[in-house]
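What follows is one structure encoded as C-alpha cells, with my remarks underneath.
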Amino acid sequence: MNWNQLTTIDQLAKIDELSASKPVLILKHSTTCSISGAALNRLERNWKEEDRTFVEPYYLDLLSHRNVSNDLAQHYNVRHESPQVLLIRQGKCVYTESHMGITMAAILSHLVG
C-alpha cells in the first residue's frame, strides 16, 4: 500500500480540498502499539491498488507528529484515539473507527453509502 504521509498541519487544508472530489482516508498510527500495528497490517493486507480510485490514503505517525494529531482531532471535531481511521468527505469527517473495529470492508462500505 502506497500511503501519502501526513506530516504537517498545513496538509489538512489540502486534504479538505481533495476530499471535495475524492474521499480521503487518514490512518492515525502509533508505531509502538501492537493493536495499532495489527490494524495497519489488516488494512494493508486487504487494500487493493484499485481502491485508490475511490479513496486517497494518508498515514499519520502519531509519535513523530503529535502536534498534527492534536490539530487533526480539533479540525475534524473527533475524539483522539489510536489507532484510528477517519474518512473525510467534503472537508468533514463522515466516519471514524478505532482499534479492532478498523477494517477495509467497513471503510469501503462507507465509501459506497
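The values are calculated or read from the model by the stated rules, or taken from the named source; none is laboratory data. Note that the structure is a prediction, hence the values are computed from the model and not measured. Because the Cβ atoms are built from the backbone with ideal geometry, glycine has one as well, and the counts that use them run over all protein chains shown.
Values computed for the structure shown
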| read-out | value |
| --- | --- |
| Residues satisfying the stated conditions in segment 19-40, i.e. over 14 Å from the mean Cα position of the chain (by Cα) and not small (Gly, Ala, Ser) | Thr31, Thr32, Cys33, Ile35 |
| Ala105 being small (Gly, Ala, Ser), out of contact with any Gly (no Cβ under 8 Å at 6 or more places or on another chain) and closer than 21 Å to Met1 by Cα | yes |
| Test: residue in segment 51-60 that is of a type in the set (Val, Ile, Thr) and at pLDDT below 95 | yes |
| Long-range neighbours under 9 Å by Cβ, at least six apart or interchain, first residue within 24 Å of Ser34 (Cβ to Cβ) and free of Cβ contacts under 8 Å to residues at least 40 places away in the same chain within segment 85-108, second in a loop (DSSP other than H, G, I, E, B) and among the β-branched types (Val, Ile, Thr) | Thr96/Val78; Glu97/Thr103 |
| From Leu87, Leu63, residue being of a type in the set (A, V, I, L, M) and touching a strand residue (DSSP E or B) at 6+ places or on another chain (Cβ under 8 Å) | Leu87 |
| Segment 77-113, subset outside any helix (DSSP H, G or I) and among the hydroxyl-bearing types (Ser, Thr, Tyr), residue surrounded by the fewest Cβ atoms within 10 Å (Cβ to Cβ) | Thr103 |
| Qualifying residue in segment 53-66 (condition: closer than 23 Å to Ser109 by Cα, over 15 Å from the mean Cα position of the chain (by Cα) and without any contact (Cβ under 8 Å) to a residue 40 or more places away in the chain) | yes |
| Sole residue being of a type in the set (Val, Ile, Thr) and under 18 Å from Ala106 (Cα atoms), chosen from Ile15, Ile9, Ile35 | Ile35 |
